[in-house]
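The values are calculated or read from the model by the stated rules, or taken from the named source; none is laboratory data. Here the structure is a predicted model, which means the values were calculated and not measured. Cβ coordinates were reconstructed from backbone atoms using ideal geometry, including for glycine residues, and neighbour counts include every protein chain displayed. Each accessible area value is taken on the protein alone, full model and side chains, heavy atoms only, with ligands, DNA and RNA left out. Shrake-Rupley method; radii C 1.70, N 1.55, O 1.52, S 1.80 Å.
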Number of protein chains: 2
Amino acid sequence: MGENDDSDIIEHHVEEEMEKKSGARSHAPSSSSFPESISPSDREGHSSTQSSHRLLAYSDALISIIATVMILPVAHTKVEDNEELRESVQLLLTTKIAVYLMTFLIVTVAWAAHIRLFQVIVRIDDCLALLNLACMMLITFLPYTFSLMATFPENILGILLFCGCVMVIGVIQALIVVYAFSRPFLLNEQIQISENQSFYKQHILKVIMRVPIMCFFASIFSFIFFQLSYVLLAIVIFLPYISEAVKWCRSKAIGQVEETPDSMLFYTYLPNEPLNKERVEAFSDGVYAIVATLLILDICEDNVPDPAVVQKKYGGSLTAALQDYGPEYLAYFGSFATVGLLWFVHHSLFLHVTKTTRFMGLLNTFSLAFIGGLPLAYQLTHEFPSNSRNELEAIQISCVIIFFAGIFQLAIWVVALYNEHETLHPYVRYGGREHVFMLAKLALYPCVALGTFFLTCILSRFSAQIFHLMEITVPFAFLVLRLLVRIGLALLRLIFCPDRPDPRSVVDEEVDETRVPFNPVVT
Amino acid sequence: MGENDDSDIIEHHVEEEMEKKSGARSHAPSSSSFPESISPSDREGHSSTQSSHRLLAYSDALISIIATVMILPVAHTKVEDNEELRESVQLLLTTKIAVYLMTFLIVTVAWAAHIRLFQVIVRIDDCLALLNLACMMLITFLPYTFSLMATFPENILGILLFCGCVMVIGVIQALIVVYAFSRPFLLNEQIQISENQSFYKQHILKVIMRVPIMCFFASIFSFIFFQLSYVLLAIVIFLPYISEAVKWCRSKAIGQVEETPDSMLFYTYLPNEPLNKERVEAFSDGVYAIVATLLILDICEDNVPDPAVVQKKYGGSLTAALQDYGPEYLAYFGSFATVGLLWFVHHSLFLHVTKTTRFMGLLNTFSLAFIGGLPLAYQLTHEFPSNSRNELEAIQISCVIIFFAGIFQLAIWVVALYNEHETLHPYVRYGGREHVFMLAKLALYPCVALGTFFLTCILSRFSAQIFHLMEITVPFAFLVLRLLVRIGLALLRLIFCPDRPDPRSVVDEEVDETRVPFNPVVT
């Protein structure tokens, strides 16, 4: 029985893989350049092979948390309404925001590398799972090294720690690659059946080891001339984009120099290289979820009054004591609603995206970086006395953050539209039935944020009220968005082609109606 | 083109659903009692219908974060090494731990209800997504109401707030059900083709509204006699188990009283009711990921020394300043490794589980509740001066927490073994090839924790060293676990059946060897 079971389970695992593949294919028709009809050639003796799905989901969760939490030190910086302290606090705040952005960037770079690695290694076993956990442990430690660097920019300890971490991560990843190539049944089918596996292995190792080697040099230079180390580290982060730009310039200048085999395209830094859509979604979900709940953390910890204080100051009336915290509850619900709805827009968008490219992933990262700043903005809005100059500024900062978070989401769609036959579902393509509706969904937050920003500038006395009004009305706007879009289209038609029949009578055949030009709706 | 695309996309979405179903089936042969071969009867006009997969993943992420974060107020309670303050601090700590456990329980109850609801509603549209977000917002607010209740047990405001939230959640869920039943294409196929949809609807509404109605009474009683409200709330939480126990007793006492139709089984509280395995995994992943990263949050926020202090106290030597934090880094890596490896065990276990039942879900919740306590335990271990009485206690508490977290994981497997043909893969069933290895994996942490606990009792002077030794050796133990199991089995055979041939020569046919009895390996 044991032997039979054994082959059974391999069948089962392979079947699962295949099914997942076919599921992914229907989702993303061209997300992979590999032929998928080939069944694994080697089926024996790999009893402990597992689908890597859950390992990747867990890694995504860890990385998204780490990318986002560095906003906490920023949010917890007490900004006093005191002119004298203001400058030093602002300097501190700027440093911390820089740390947050740098961490977000470096962590997402590490995450992209992780995706790329596990697009090659599609099955795992216990050993790979443990190696991956070790890798994750070091990635979660990176934010701390950044904090050290930002607080002590002239001390080389931060640089050394960072470089040490990156080098160890590189070694672990190299180990993972070597291990996986020694057990080819863990690999992607394309590589599994390929004849020059060792060539692939070397190419991947070369790409992976580039970063640790640069970090090694950075750590050596830090002893001699530490400013150079920072330059090197900046190069490391932007390496993919730099190398891409160099390649592009070279190919434009002297034509195609080197002939990369078509099959090699999978481990490049091309902006249209496919990025596992499921993982982009999982990572985004993690960031949105953390950001939505960051404020409740603070509320639960700080906003439960001390019984003794309540007794003494409020004569035992808990209601009176809690009224002081009113603005913070409002900030919580406002923040949750905003993040939730931005998630909703993201969700609607990715529902119709069939393939994610590196460039779309980059735009998504920018959008998420701004969303990570939301808790800070909301915390600021309730920290200052009402109608103070600071409150106005905080509200305007919130509007700016919401605007950019939304506009980058819109940018993802616009980029996808450029190559719509590959990346978008027919439904939301130009002329598709949901095209205008999707545009309205994506444009709602940027427009509202922009409008609120200008209103608060003009009517600065009512800034807080306008902001709260926005918070409350936007969720309802989403509920009636479909109606609004229809009314908007009818109005547009009335203005541009008033001789056509009334749209209400042809609501069921609205296909043609939705083919309005792109521009008039945007502006 | 528009019209064609439209029918295309419906095809596409339905196809996706079917594929997901078939994938789930191969994973969990009997996780659902519904016939799955029926194709949706109603395909037209539902252009905005979406698979609910990502919405559920996001909900899982939110709920898992909320369930876990209430450990933060516990962890941030400063425990002074001061005998006088000790009692008041301990009281505070106990209150906060109670809040944490209550929150964890209530949030997981809400989560289980959410799973049950979305096992009926399998597709969503924009309106349902927004309603679900509103529901999530209120769920994330529940921990705060608990904090209020725990801090001001005699004030009814906490009860009223809690009941208010639960009632609104109930109303939203009822709205979701009514909305979904008014658009039957959103429902489960079983219900979609059923003739008495209104009967199903009423049954589900009855089950859902039970909790808000009890909360309504609790809030009314709170004005008269608030102790009664607490009793009512406790009943609400344990309602599923109470109603199950009552039913069971009645059926034992007077035989089968009421004939529930077989099709009704899907909305019961039976312990063997299937629970969506994917969502159990997603929820667990969220908890593990948050717990693994909680400590780095604190480290990034608190353990970056102030440049002025470094200059004054350490003569500008950052290395010297950071040495003070040494124990905290150790605690971080120790905690990350422990949580990561417990996740690894969980992952290995659920890889071979084909169907999750309510009872297994409950055991999983208990395990997760202990895992949520880990950051607290680790924080305590580095907070006290070494070799103090408190440090010893903190280390023992850590061992106890690890022990229980591990033992409940083992319990999941044992429960699964009772009904192994339904819930387990043949691979890890009794007599299966991986059976003993899985047992060793699951038993490793409880055994090590227990061993460490007793060692620290005996050699109390070396407690910290023993604990650190455990932290460092366990990851390596996992790496060589397969070897250890093989050696252990060989030894067992040597002891119990010394007349059999040497196992090393038959390593490839170890099927029979793994059929050792269950007991000798456990003890």
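Here is the interface size for B with A: some 8800 Å² of accessible area buried, both sides summed, with a 1.4 Å probe.
The heavy atoms of B:Lys247 present about 100 square angstrom of accessible area, all protein chains included, probe 1.4 Å. Amide H contacts of B:Thr357 (H built 1.01 Å from N, in plane; Pro and chain starts excluded): B:Leu275 sit under 5 Å, all sequence-distant by 5 or more or on other chains. Full extension of the chain segment joining B:Ala98 with B:Ile397 gains 106.0 nm, where the gain is 0.36 nm per residue of separation less the Cα-Cα distance. The 3J(HN,Hα) values that the Karplus relation (6.51, -1.76, 1.60; θ = phi - 60°) gives for segment B:339-356 are, in residue order, 4, x, 6, 5, 4, 4, 5, 4, 4, 4, 5, 6, 5, 9, 8, 9, 8, 9 Hz. Gly and Pro appear as x. When A:Cys447, A:Cys135 are compared by accessible surface with a 1.4 Å probe, the order from highest to lowest is A:Cys447, A:Cys135. The mean sequence separation of alpha-carbon pairs under 8 Å and at least six residues apart, normalised by the residue count of segment A:50-256, gives a relative contact order of 20 percent. Each residue was assigned an accessible area with a 1.4 Å probe, and for A:Tyr58 the value is about 0 Å². Of the accessible area of segment B:85-224, computed with a 1.4 Å probe over protein heavy atoms only, carbon and sulfur atoms account for 72 percent.
Pop out a list of residues from segment A:311-346 that are at least 30 Å² less accessible with all the protein chains around than in their chain alone; 1.4 Å probe, no ligands or nucleic acids counted. Hits at the 30 Å² cut-off: A:Leu318, A:Leu322, A:Tyr329, A:Tyr332, A:Phe333, A:Phe336, A:Trp343, A:Phe344. Each other residue within a Cβ distance under 15 Å of A:Ala61 adds +1 if Lys or Arg and -1 if Asp or Glu, for a net charge of -4. Once the C-beta distance of B:Glu422 and A:His203 is scaled by a Förster radius of 45 Å, the resulting FRET efficiency is 0.45 to the nearest 0.05. With its label point defined 7 Å out from Cα along the Cα-to-Cβ axis, B:Thr94 lies at 5.2 nm from the matching points of the other copies, in increasing order. 3J(HN,Hα) along segment B:179-188, derived from phi through the Karplus expression 6.51 cos²θ - 1.76 cosθ + 1.60 where θ = phi - 60°, amounts to 4, 5, 6, 7, 10, x, 5, 7, 8, 2 Hz, with x in place of Gly and Pro.
The string of couplings for segment A:480-491 from the Karplus curve (6.51, -1.76, 1.60, θ = phi - 60°) is 9, 4, 4, 5, 4, 4, 4, 5, x, 5, 4, 5 Hz, one whole number per residue in order, with x for Gly and Pro. Between this copy and the others, label points of B:Leu239 are 5.6 nm apart in ascending order, each placed 7 angstrom from Cα in the Cβ direction. Take the Cα of A:Phe223, go 7 Å toward its beta carbon, and the backbone nitrogen atoms of segment A:152-178 under 20 Å from that spot belong to A:154-168.
A 1.4 Å probe, protein heavy atoms only, puts the accessible area of B:Arg210 near 90 Å². Once the Cα-Cα distance is subtracted from the 0.36 nm per residue extended length, the A:Cys249 to A:Ser388 segment shows a gain of 44.9 nm. Contact residues in segment B:59-76 by the 50 Å² criterion (accessible area, 1.4 Å probe, full protein complex versus chain alone): B:Ile65.
The local environment of A:Glu422, defined by Cβ-Cβ distances under 13 Å, has a net charge of +1 under the rule Lys, Arg +1 and Asp, Glu -1.
Within segment B:457-485, list the residues whose amide N lies under 16 Å from a label point set 7 Å along Cα→Cβ of B:Leu491. Taking a point 7 Å out along Cα→Cβ of B:Leu491, the residues of segment B:457-485 whose backbone N falls under 16 Å are B:477-478, B:480-485.
Shortest first, A:Gln465 label-point distances to identical copies amount to 7.1 nm, with the label point at 7 Å from Cα along Cα→Cβ.
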